[in-house]
Amino acid sequence: MEAKAALAGGEARIAKQHQAGKLTARERISALVDDGSFVELDKFVTHRCADFGMADQKILGDGVVTGHGTVDGRTVCVFAQDFTIFGGALSGAYAQKICKVMDLATKIGCPVIGLNDSGGARIQEGVESLAGYADIFLRNVLASGVVPQLSAIMGPCAGGAVYSPAITDFILMVEHTSYMFITGPDVIKTVTNEEVTKEALGGAQTHGSRSGVSHFTELDELACIARLRELLAYMPGNNAEDPPAHPTSDPADRADAALDSIVPLDPKKSYDIRKIIHGVVDDGKFLEVHKDYAKNIVIGFARFDGRSVGIVANQPAQLSGALDIDASVKAARFVRFCDCFNIPLVTFVDVPGFLPGTNQEFGGIIKHGAKLLYAFAEATVPKITIITRKAYGGAYDVMASKHIRADVNVSYPGAEIAVMGADGAVNIVRRGELDKIKDPAEREAVRAKFIEEYREAFANPYKAASLGYIDEIIRPRDTRYTIIRSLRTLKNKRQTNLPRKHGNIPL
């Protein structure tokens, strides 16, 4: 029976899986967990369906491999859907196997990793299959914020099957072999007369760059599994633990003179915020999340002093770093994940405001921008904010300002903290004086003088510092030590929100 279960759908189907560039469920688990650590559960479970000749088609394991093992010595629970058995289609018994391992994960406090490769619901079982999906969805919701949940899409994931990964914390996809969609190309053509391929509709590139459903896009399955292991190293096993510490030889007081020249003196020139991030984190190592989606904001994991942090940073090289709908939602979800799992937040601010335009307003930038505000304000983990250049208008408030409970707020000497840029401000506050000047050349000269006066008075961090909104003005080269010193100070921070069932985030 052991050998029969290990053979799954049979040698022919295993060969077909390999020909498609895909590993089998057990091969995937073997690559994910530490050697010899996997303990398989429910290996001999079979389905209970007697209709449509299914009574004679019972295969041990019934299309999903479940169990627990370790990754870098830390316990994880895993389920891997097996496409060689009924195309990985979900039955009632199959769903119970997944629910059992998810329940185990929440009881013992360890991450749940789903390796998805399924054709969807097993049609022969009808509503029992649908009930099985709902049982899984419920557990995804109840485990949210309790244990990390990671989903790797290794093949098809369609219909109701997509909602379980959608609830989980991170989704990883594989180029050319995985796809996700609610309704496939054939249904779309029938209903809307649109013609689209599976890859264009729900492939890894589509969800990684256009819809934002997927957080990581990997070249092949082994790269995807390696990314899962890397991602797990930044997070704790559950919400009651701190993230694991990793030893580093990178000095805490390392000053980098190159940082002094990254931010241009000209406020209209762009630069890549990643250069600052790589320059200050441990060993220059930054795991960027959602790299190809909403590029005007950068999020990801890094370490300072060997400890995990979540980084949120405006990206001046894209849309001047302005916040829009996609960037706000992208960052808000990440901030809330970090807050769930005791991962401090380091925010780099260079934001000229929210992106203007009818598309943004009609798309609901008000409520979507409020999601990021809500996430930062709600978060109780240590929060450190560095203003590198611009911090204008409401976006200044939203980006982890002192006013929404950031713990340490510092800025570079050339930072501009104001309601708006000097040009726009002068057009408003000096309009009456400028309108009285009839000569265009003289008016422009006076306007330039007013702009310079405004910039000297307000487009700097000193007004904010005098009010206590900025704790310290630092040289860029000292950014790393400032962050590490602050994290050490905040290590035992304890802060709670008012008692409530849950907040009502503006969805």
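Overview of values
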quantity: Inter-residue pairs, beta-carbon under 8 Å, first more than 18 Å from Ala332 (Cα to Cα) and in segment 300-312, second open to solvent by less than 10 Å² (accessible area, probe 1.4 Å) and aromatic (Phe, Trp, Tyr), 6+ apart; calculated: Arg303/Tyr234; Ser308/Tyr234; Ser308/Phe301
quantity: Count of residues meeting criterion [open to solvent by 30 Å² or more (accessible area, probe 1.4 Å) and either touching a residue at least 24 places away in the same chain (Cβ under 8 Å) or in a loop (DSSP other than H, G, I, E, B) (or both)] in segment 17-55; calculated: 21
quantity: Residue ID - modelled with the lowest pLDDT, chosen from residues in segment 265-286 that are closer than 22 Å to Lys390 by Cβ and of a type in the set (Asp, Glu); calculated: Asp266
quantity: Members of segment 352-372 that are in a helix (DSSP H, G or I), over 15 Å from Ala400 (Cα atoms) and open to solvent by less than 40 Å² (accessible area, probe 1.4 Å); calculated: Gln360, Gly363, Ile365, His368
quantity: Pick from segment 338-351, criterion among the aliphatic types (A, V, I, L, M) and not in a loop (DSSP other than H, G, I, E, B), ranking: surrounded by the most Cβ atoms within 10 Å (Cβ to Cβ); calculated: Val351
quantity: Residue list for segment 454-502, restricted to those being closer than 16 Å to Tyr412 by Cα, within 27 Å of the chain's Cα centre (by Cα) and modelled with pLDDT under 95; calculated: none
quantity: Residue satisfying condition, being within 30 Å of Thr496 (Cα to Cα) and hydroxyl-bearing (Ser, Thr, Tyr), within set Tyr462, Tyr396, Tyr412; calculated: Tyr396
quantity: Which listed residue, of Ala161, Ala233, is modelled with pLDDT under 95 and either surrounded by 15 or more Cβ atoms within 10 Å (Cβ to Cβ) or hydroxyl-bearing (Ser, Thr, Tyr) (or both); calculated: Ala161
quantity: Test for Lys438: is it of a type in the set (D, E, K, R), surrounded by 13 or more Cβ atoms within 10 Å (Cβ to Cβ) and outside any helix (DSSP H, G or I); calculated: no
quantity: Unmet criterion (only one of (1) surrounded by fewer than 18 Cβ atoms within 10 Å (Cβ to Cβ); (2) modelled with pLDDT under 95) for Asp397; calculated: (2)
quantity: Subset of segment 264-294 [at negative phi, open to solvent by 30 Å² or more (accessible area, probe 1.4 Å) and among the charged types (D, E, K, R)]; calculated: Asp266, Lys268, Lys269, Asp272, Arg274, Lys275, Lys285, Lys291, Asp292
quantity: Strands (runs of 3 or more DSSP E) within segment 209-312 that include 2 or more residues more than 19 Å from Phe337 (Cα to Cα); calculated: 216-218
quantity: Which listed residue is surrounded by 13 or more Cβ atoms within 10 Å (Cβ to Cβ) and either in a loop (DSSP other than H, G, I, E, B) or not hydroxyl-bearing (Ser, Thr, Tyr) (or both), from Gly503, Gly414; calculated: Gly414
quantity: From Asp423, Asp407, residue being open to solvent by 40 Å² or more (accessible area, probe 1.4 Å), within 30 Å of Arg494 (Cα to Cα), of a type outside the set (Lys, Arg) and in contact (Cβ under 8 Å) with a residue 12 or more places away in the chain; calculated: Asp407
quantity: Members of segment 117-153 that are under 22 Å from Ala25 (Cβ atoms), modelled with pLDDT under 95 and hydrophobic (A, V, I, L, M, F, W, C); calculated: Ala121, Ile123
quantity: Residue list for segment 451-480, filter: surrounded by fewer than 18 Cβ atoms within 10 Å (Cβ to Cβ), part of a helix (DSSP H, G or I) and not aliphatic (A, V, I, L, M); calculated: Glu452, Glu453, Glu456, Tyr462, Lys463, Ser466, Arg477
quantity: Pick from segment 65-90, criterion of a type outside the set (Asp, Glu) and over 30 Å from Pro243 (Cα atoms), ranking: surrounded by the most Cβ atoms within 10 Å (Cβ to Cβ); calculated: Leu90
quantity: Neighbours by Cβ (under 7 Å, 6+ apart or cross-chain): first from segment 353-375, closer than 20 Å to Ala418 by Cα; second open to solvent by 30 Å² or more (accessible area, probe 1.4 Å) and assigned to a helix (DSSP H, G or I); calculated: Phe354/Gly394; Leu355/Leu319
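A quick yes/no check of all residues on (1) modelled with pLDDT under 95; (2) under 21 Å from Asp103 (Cβ atoms); (3) of a type in the set (A, V, I, L, M, F, W, C); (4) open to solvent by 20 Å² or more (accessible area, probe 1.4 Å):
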residue	(1), (2), (3), (4)
Thr168	no, yes, no, no
Gly184	yes, no, no, no
Lys189	yes, no, no, yes
Val196	yes, no, yes, yes
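The values are calculated or read from the model by the stated rules, or taken from the named source; none is laboratory data. Computed from a prediction, not measured in an experiment: that's the story for all the values here. Note that we place each Cβ from the backbone using ideal geometry, even for glycine, and neighbour counts take in every protein chain shown. Ligands, DNA and RNA are stripped out before the accessible areas are found, and what is left, the full protein with its side chains, is counted by its heavy atoms. Shrake-Rupley method; radii C 1.70, N 1.55, O 1.52, S 1.80 Å.
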